[in-house]
Structure formats: C-alpha cells, structure tokens
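Q: Could you have a look at this structure, given as structure tokens, before my questions?
The values are calculated or read from the model by the stated rules, or taken from the named source; none is laboratory data. Please read all numbers here as calculations on a predicted model, not as lab measurements. So basically every Cβ, Gly included, is an ideal-geometry build from the backbone, and we count neighbours across all protein chains shown. Note: accessible area is taken over every heavy atom of the protein model, side chains too, but ligands, DNA and RNA are not part of it. Shrake-Rupley method; radii C 1.70, N 1.55, O 1.52, S 1.80 Å.
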Amino acid sequence: MAKPARTLDLALGPRLNKLPLTRWLYEELRRAILERRVPPGTRLPPTRDLAAQFRVSRGVVVTAFDQLREEGYLTARVGAGTHVCANLPLSTSVRVNRVRRIQNLPAAIRGLSRSRPPRPFRAYEPDLTEFPTDVWARVASRRLRRASAALLGAGHPAGYEPLRQEIAAYLGSSRGVNCTADCVVILSGVQQGLDLFSRVLLKAGHAVWLENPGYFGAATAFRNQGANIIPVPVDEHGLDVAAGLCLGRGARAAYVTPAHQFPLGASLSLDRRLALLAWAHEASAFILEDDYDSEYRFEGHPIPALQGLDTHESVIFLGSFNKVLFPSLRLGFAVVPPVLLDSVLALRLGSDVAPPGPDQAILCDFIAEGHLGRHIRRMRNLYAARLEALQEAACKYLAGALEISSIRAGLSTAGILRNSMTSREAERLATANGIEVLGFHRFFLGKNTIEGLLMGFAGFTEREIQRGVRALAKALQSDAQTRARA
C-alpha cells in the first residue's frame, strides 16, 4: 500500500553558490531519498504542491522528477502519483541514519539487552501481557473526553493534586508511610528522584553511603554530582550500619532498599533501622529509601516502610508505578520532608517543569476506582507461583552450581554460585546460550565478595522458566566439563 505524501518532511538544504534551481532540487531530493529521510515506497506530493512549498516554478519540479525517474530513484503511474522506488539499493556513498548504541555507558549497565521479547531471566521485567489494557483504555477514554484546560496545561511542579492525595492514602494504608498530599511529588520514576535529590543534598566531595552490593542507578546519580561514594557492606540483615559509621560517620546521605535489598533480597532488621535513623538525626543527614518492589511480598506480613519510623523528617521515600503497571508509564513519586520541598520543586521547575497532566489523571482514576489494588493482588499470586517454579527447577537442574535465594518477594531473585565460577563468567556463558541474567559484579563497588546472578522470574511463564533453567544449567555444566578435561 502506498504511503501518504510527506510534504512537511521534505526539508531540503539551502541553495549554495547560485546553483541552478533544477540542479539544487534534484540533488536535495536525491540526498533525502538516499539518506532514507524519504523512505522507499513513499508517495511524493504533487508537483504543484512542491513548487509552492519551495517557491519554484512547476517546470523546475517536473524536470527534477524526470531526472530522478530516469536514474531509478522514482516511479510514476498515471492516476497513482509519483513514488520513491520500493526496491532502491542502499547507497554506500551516503551516510544513512541508524539506531545507535549509546556510547560511554557506565560499566554496570554496559551490554544489557533491551530486545523484545525479553528472554529468561531478564531482571525487573513485569508480565506486560497480563496488564488490564482494556480497563486502562476505558479509564483513559473517559478521563480524556472530559479533560479540562487546566489538566492540559503545564500543571504544578509537584504534580496533579488528586493523584498526590491518592498516593498519600495508598502509602499510608499499604506501607505505613506518614505523609499528606502536600509532601508527595510526582516524578517520572525513582531514577529521576535520585538525580533530583543528589543535586539537592550533595556537592562535589560530599560523602554518601551506598549499599554494597547495591543499585548501580544510585551510584550513577551520586557520581554525576561528584560525591564520594562510601560502599557499606550488606549481609542477611541488610545494610551494616555499624560498618557505615566506621567508614564514614560524617556522610551527608545514605541510599538504602530496606524492604527488599537490591540485589540480595534481605530486609533491613529493626535494630539496624533504628540505628540508621539515629545516625541520620545525629549527622543531620538524609536517607533515600527506595521502595522499588515492596508490593510483591509472597509470604508473611508486608514490611512497613523505614519512613514510618522516622520522627525527625530525615527519610525521603521513593517509589514508582513503572514496574507495578508498565515501564513506559514513567510515573513515580517521592515523599519529601518539608524542609527540602521548596528546593526540590525549584530544581524541578528548572528541568522538566511538571509531570504530564493527562497521564497523572488517568492513573489517579485507575487507583481511585480500585483497579490498582485488584491488579496487584492478581499479579502477586501469579508471581508467587512463578518464583516457586524457578526455585523448584533450580533445585532439580542447578544443584551444586547455583542456589536460588529462599526469600519470597519481588520481581527478581538472587542466585548464589556454588561452583567456583565468577559472576562475570556465569553471565557470559548464560548470554552465549540465550539466557539473560545479571552478574553480581555489576552491583559491587570494588571487588566482589559474593559471586552470583540476579534472575528475573515475573515476566515469564512457568514453562519458559523451566526451559530457561535447563538452558542455564547446560551452559554452566558444559563449562565445568571443559575445565575438567583441561
């Protein structure tokens, strides 16, 4: 089927050195075709329209078209118009725009796949096929049909107030967070929050605690500010606060994942929570609490937020709907201590001004009508079964090579290597065999003290998990056999 005319896309270069009009138009059209700015098969605008657009006579356009037809760039049929040749070979003399890999990525995320569909066991990946798109569409349609001018305007830098009210109520009931809508700021996600608060709290040379191993996105945000990152070790009780005090008592901030430590999965014990809060009060420091997947805890009672224990307004609570619903939603939030609120909003106004109004209103209705709660409950049951399938398959096929954590929570889980293999080697072998995992070397600052893999299970069916475990076992065992023969 012919593509529509693309009059507005025909942006041509300037006419230089008094080049004849016909020659200029021919060369610019030819360049646009070769560079794929006008793709093969595209129907070009009528010659009268092009003549009017570029303020030349129609005869100039007709002459340029005739030459391009003779050279095979264009085809024309009576009644069908003029089209770019559908089978045009790619020119080697003209640079063609292609999707580029991002250069100079931090080492921790270098080489990560973003292909679709995802392969087992890509971390962080929710099951997008189970999202209630029909419900979201109904909510969105109803909201957009009655969208006001105020909603379509720029909005407040803190975000849409009804959504902030819903989030405050949701956090109070489900996470034990002590907040009102006035303290909630809507963000695009946790990463934007880390960037904003790094700029508010830290200057070059300031010290900040970071869990080790920990989230590389936090490390990136702190490095961008020139902060001095202090890696604080993590064990089965979470962040070792006593070690942090020895390493850097005077730090200005600390980043923690207390509900489900990333990537090992432990919960921060009560005594360490209290010790961390006491340190923050004494040092006039702030704690960045990343509550990245607390909705998905599959046994026992939900673990209340650290922020709920804070009596000195030292905790900044960060969360997101991007994994609970779908990643391209790009809506998260921060619960901000009042003393920081003005600084955060001023910085927000100097960057992206305000979050998108219609998307916030749709999410607000989705929450208020109970759809979010129902979706979370349904996915919690589904993900629990998938984690169980992963644990059972690992016991059967990976015994002696990889031990899956017994912690039942989240979208991903830790696998500890038991075969003397390094995380880097195991990740490389898995990738070579079509399996996506993240080696723990990506999360450590300095030398690894634990060798393992982060494995996502939420986005894959139980059958896919079974196949993935067998493929991973084959990859790790084949390497062991190669070593034995050597």
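Q: How much length would be gained if the chain were fully extended between THR311 and SER173, taking 0.36 nm per residue of separation minus their Cα-Cα distance, in nm to one decimal?
A: Details: separation 138, 0.36 × 138 = 49.68 nm, distance 1.84 nm.
47.8 nm is the gain from fully extending THR311 to SER173.
Q: How many nm separate the modelled label positions at ARG77 and PHE326, each set 7 Å beyond the Cα in the direction of the Cβ?
A: Taking the two extended label points, one gets 3.7 nm.
Q: Would the chain count as rounded, prolate or oblate if I go by the C-alpha gyration tensor, calling it rounded below 1.5 in a/c and otherwise prolate when a/b exceeds b/c, oblate otherwise?
A: Working: a/c = 2.07, a/b = 1.57, b/c = 1.32.
Note, shape of the chain comes out prolate.
Q: Separate question: What is the Cα centroid distance between region 216-248 and region 317-362, reported in whole angstrom?
A: 24
Q: A further question on this structure: Can you list residues whose amide H is under 5 Å from PHE286's amide H, if they're 5+ apart or on another chain and H is modeled 1.01 Å from N?
A: Those lying under 5 Å, H to H, from PHE286 are ALA253, ALA254.
Q: Another question, if that's okay. Within the set of other residues whose C-beta is less than 10 Å from the C-beta of CYS85, count the net charge using Lys and Arg as +1 and Asp and Glu as -1.
A: Details: positive: ARG69; negative: GLU71.
Taking every Cβ under 10 Å from that of CYS85, the sum is 0.
Q: In a shell of Cβ-Cβ distance under 15 Å around VAL208, excluding VAL208 itself, what net charge do Lys and Arg (+1) and Asp and Glu (-1) give? All intermediate terms of the calculation are to be shown ahead of the outcome.
A: Values: positive: ARG199, LYS203, ARG223, ARG249, ARG252; negative: ASP195, GLU211, GLU289, ASP290.
In short, +1.
Q: Given the DSSP H assignment, sum -39500 (n - 2.57) over each helix run of at least 4 residues in the chain and divide by its residue total; what's the result at 222 nm in deg cm²/dmol, nearest 500? Write down the numbers at each step before the final one.
A: Values: 15 runs with 195 residues, N = 486.
Roughly -12500 deg cm²/dmol at 222 nm, from the helical runs in the chain.
Q: In addition: How do 403-413, 20-30 rank on mean C-beta neighbours within 10 Å, highest first?
A: Numbers: 403-413: 21.4, 20-30: 18.5.
In descending order of packing, they fall as 403-413, 20-30.
Q: Let me ask another. Please check which bits of region 293-317 a label hung off SER406 would reach, taking the label as a point 7 Å along Cα-to-C-beta and the cut-off as backbone N under 17 Å.
A: Within reach of a label on SER406: 298-301.
Q: Pull out the extension gain between GLU27 and ASN87, defined as 0.36 nm times the separation in residues minus the alpha carbon to alpha carbon distance; nm, one decimal.
A: Values: separation 60, 0.36 × 60 = 21.60 nm, distance 1.98 nm.
Between GLU27 and ASN87, full extension yields 19.6 nm more.
Q: At 1.4 Å probe size, with every protein chain present, just tell me what the per residue accessible area of region 376-486 comes to in Å².
A: Numbers: 5160 Å² over 111 residues.
So region 376-486 comes to 47 Å² accessible per residue, rounded to a whole number.
Q: At ALA149 and ASP352, where each label point lies 7 Å from the Cα along Cα→Cβ, what is the point-to-point distance in nanometres?
A: 2.7
Q: FRET efficiency for LEU382 and GLU35, Cβ-Cβ distance as r, R0 = 41 Å, nearest 0.05? Can you show the working numbers first?
A: Details: r = 47 Å, r/R0 = 1.13.
Using R0 = 41 Å, I get an efficiency of 0.30.
Q: Here is a further query. Which FRET efficiency, nearest 0.05, do LYS474 and THR133 yield, Cβ-Cβ r, R0 35 Å? Let's see the in-between values first.
A: Numbers: r = 36 Å, r/R0 = 1.03.
The pair LYS474/THR133 has a calculated efficiency of 0.45.
Q: Please report the equivalent ellipsoid semi-axes of region 103-211, computed as sqrt(5 x eigenvalue) of the Cα gyration tensor, largest first, in whole Å. Don't skip to the answer; put the middle values down first.
A: Values: eigenvalues 177, 129, 53 Å².
In descending order the semi-axes read 30, 25, 16 Å.
Q: Express the carbon and sulfur contribution to the solvent-accessible surface of region 312-437 as a percent, rounded to the nearest whole number, probe 1.4 angstrom. If you can, show how the numbers build up before the last one.
A: Values: 2610 of 4950 Å².
C and S fraction of accessible area: 53 percent.
Q: Give me the one-decimal nm value for the distance between modelled label points at ALA107 and CYS246, 7 Å along each residue's Cα-to-Cβ direction.
A: Calculated label separation equals 2.5 nm.
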